[in-house]
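One structure is given here, and the rest of the page talks about it.
Each reported figure results from applying straightforward, stated rules to the coordinates on display, with no laboratory input. None of the values given here were measured: they were computed from a predicted structure. Here the Cβ positions follow ideal geometry from the backbone for every residue, glycine too, while neighbour counts run over all protein chains shown.
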Amino acid sequence: MKLTLRLAWGGLCMVLSGAVATEAGAERLSLETRPGATVMVDLELPAEATALILLFEGGGGRIKASAKGFASLAHQRLARVGMASALIDAPSDKRQFMGGMHPNFRQSDAHLRDINGVVAALRARSDLPLWVLGISLGSRSVAWYAANWPEQIDGVILMSSSTDNSKGEPVDRFPLQRIQVPLLAVAHEADGCPGTPPEGATRIVAAASGSRAAEVRTFSGGRNAGRRACGVRTYHTFYGIEDEVLAAVADFIKSHTP
């Protein structure tokens, strides 16, 4: 099924093309968010979902390159805990860093425009509360968007957040005080990635002073089987306890959904 849809969202005009239904409740969207830039989104809308979570992967933000990343796994499993999900890819014109977005691009006006285009398309397809979730460098995308367009979302989940990163401003120094919606900062107590110390979650919650419900959740356990401390199959990505973490995220969302 192919369709073309023109949407206006916060002054943004965006073209949606090549939306392909893959199975019941699933779609792959191809969104022209900026001239010459296309963003792919994999969407799962199961029946009886409580909320829709827009997921941002770490690294360069590529779906294909991060098939075993936390956000990609979450996209496959969130339906089990009553959540719809949308997994966003890096824009087509950003392939310079790990095959995708440079960390500095995640803190840019162009990236905000890309995310706004995706949010518009998701709002057109569902009236579920829309939450944004980012892990590792994906936390930069989510925090930057939530701080600049807080009225467009219903909640924020920041995981293994980029609070001690040499590649740009730490997430906890973003203007998080603008965020009024609920915010959950998630960490693993044994996260060995230098850029995402577990104590950063506490700094994020302190900075999000305008949130009506900001909480820290720190996990333990799992396994550390990856080759790189900031990579997959590590404490950094909650390897081995993914379902426990997703259940906690879902519980937080449900407790803050009218």
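General observations
- For region 4-255, size of Cβ-based charge dipole, Lys and Arg +1, Asp and Glu -1, in debye: 560 debye
- Toward the positive end of the charge dipole of the chain, with +1 on the Cβ of Lys and Arg and -1 on the Cβ of Asp and Glu, the farthest Cα among GLY195, GLN180, GLY82 is that of GLY195.
- Taking the longest Cα principal axis of the chain as reference, the axis of helix 109-125 is set at about 70 degrees.
- FRET efficiency, THR257 to ARG178 (Cβ-Cβ, R0 22 Å, nearest 0.05): 0.55
- Amide H contacts of HIS188: SER160, PHE219, each under 5 Å away and 5 or more positions distant or on a separate chain (H built 1.01 Å from N in the peptide plane; Pro and chain starts excluded).
- The distance from the alpha carbon centre of region 67-124 to that of region 184-258 is 18 Å, rounded to a whole number.
- Scanning residues 5 or more positions from GLY155 or on other chains, those with amide H under 5 Å from its amide H are VAL132, with H placed 1.01 Å from N in the peptide plane.
- ³J(HN,Hα), Karplus 6.51/-1.76/1.60, whole Hz, each residue of region 202-215, x for Gly, Pro: 5, 5, 4, 5, 5, 6, 7, 5, x, 5, 6, 7, 10, 9
- Sites matching trypsin sites (Lys or Arg not before Pro) across region 159-258 that sit in DSSP coil, with at most 15 neighbouring C-beta atoms within 10 Å: LYS167, ARG212, ARG223, ARG227, ARG228
- For region 229-235, putting each phi into the Karplus relation 6.51 cos²θ - 1.76 cosθ + 1.60 with θ = phi - 60° gives couplings of 4, 9, x, 6, 6, 9, 4 Hz, in residue order, rounded to whole numbers and with x for Gly and Pro.
- Principal-axis tilt of helix 242-255 within the chain, Cα atoms, nearest 10 degrees: 70 degrees
- Between GLU189 and ALA47, full extension at 0.36 nm per residue minus the direct alpha carbon distance yields a gain of 47.6 nm.
- Phi angles of region 183-189 translate, via the Karplus equation with coefficients 6.51, -1.76, 1.60 and θ = phi - 60°, into HN-Hα couplings of 9, 10, 9, 10, 9, 10, 4 Hz per residue; Gly and Pro are given as x.
- Length gained on full extension, ARG113 to ASP93, computed as 0.36 nm times the residue gap minus the Cα-Cα distance: 5.8 nm.
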